[in-house]
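The values are calculated or read from the model by the stated rules, or taken from the named source; none is laboratory data. As the structure is a computational prediction, the values presented were derived from the model and not from experiment. Because the Cβ atoms are built from the backbone with ideal geometry, glycine has one as well, and the counts that use them run over all protein chains shown. For the accessible areas, the whole protein counts, side chains as well, though only heavy atoms, and no ligand, DNA or RNA atoms are used. Shrake-Rupley method; radii C 1.70, N 1.55, O 1.52, S 1.80 Å.
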Amino acid sequence: QFQSQLVRSYPNVSVIDVTEAAANVRLILGKVSGMISFLAAITMLNGVIILGGAIAAGRFARLKEAMLLKVLGASRSDLRKILVSEYALLALLGCLCGWLLAETINRPILSMFFEAPAVVPYGVLLLVILGIVVLNVGVGLFISRDVARTKPLAVLRDPG
């Protein structure tokens, strides 16, 4: 009724119902958001798989280094501290490099294409970094769990 009255009073004004267009935009943005979340989950899964593979690939070298340290007098707790600090430092450096790379790529894109300021949830970012470091240390210690139980002589005699 209001629309008819408005058109009669002002014939040069067009009335357009944008609720359907807004609903379509919401639907499209919802699908895009779901796709981005799905890709993020796949990326995280790939990261965990790559992490496990990288730790497993360097397992024998770490085992040999640990046996040399055992021969030189290192205790089990010393070896564990060395492994924890190594895995934690590598994870922290990887997170910092990824964060800096994301910052240098995303900030210009946001300002040029979307004309929006970059908003970084630093609290969430720190929790994610902490979680990644803990996960990395946990996986590394799990894969290196036999370092403390292995006898140095058998490992050091192995030429491979």
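Contact map, region 119-134: first residue over 21 Å from Ser85 (Cα atoms), second residue surrounded by fewer than 13 Cβ atoms within 10 Å (Cβ to Cβ), Cβ cut-off under 8 Å, separation 6 or more or different chains; pairs are Val120/Glu103. Might you check whether a residue that is touching a residue at least 24 places away in the same chain (Cβ under 8 Å), surrounded by 11 or more Cβ atoms within 10 Å (Cβ to Cβ), of a type in the set (Gly, Ala, Ser) and under 20 Å from Lys151 (Cα atoms) occurs anywhere in region 51-60? Checking region 51-60: at least one residue is touching a residue at least 24 places away in the same chain (Cβ under 8 Å), surrounded by 11 or more Cβ atoms within 10 Å (Cβ to Cβ), of a type in the set (Gly, Ala, Ser) and under 20 Å from Lys151 (Cα atoms). Among the residues of region 111-125, is there at least one that is of a type in the set (Val, Ile, Thr), under 14 Å from the mean Cα position of the chain (by Cα) and open to solvent by less than 90 Å² (accessible area, probe 1.4 Å)? Yes.
Looking only at region 61-75, how many residues end up being free of Cβ contacts under 8 Å to residues at least 40 places away in the same chain, open to solvent by less than 80 Å² (accessible area, probe 1.4 Å) and not hydroxyl-bearing (Ser, Thr, Tyr)?
So the first thing to find is which residues in region 61-75 are free of Cβ contacts under 8 Å to residues at least 40 places away in the same chain, and the list is 61, 65, 69, 72-75.
Subset that is open to solvent by less than 80 Å² (accessible area, probe 1.4 Å): 61, 69, 73-75.
From what's left, not hydroxyl-bearing (Ser, Thr, Tyr): 61, 69, 73-74.
Summing the residues that are free of Cβ contacts under 8 Å to residues at least 40 places away in the same chain, open to solvent by less than 80 Å² (accessible area, probe 1.4 Å) and not hydroxyl-bearing (Ser, Thr, Tyr) in region 61-75 gives 4.
Where helices (runs of 4 or more DSSP H) fall entirely within region 56-160, those with at least 2 residues that are closer than 20 Å to Ala41 by Cα are at 76-109, 122-143. Residues in region 5-22 that are in a helix (DSSP H, G or I), among the polar types (S, T, N, Q) and under 55 Å from the mean Cα position of the chain (by Cα): Thr19 alone.
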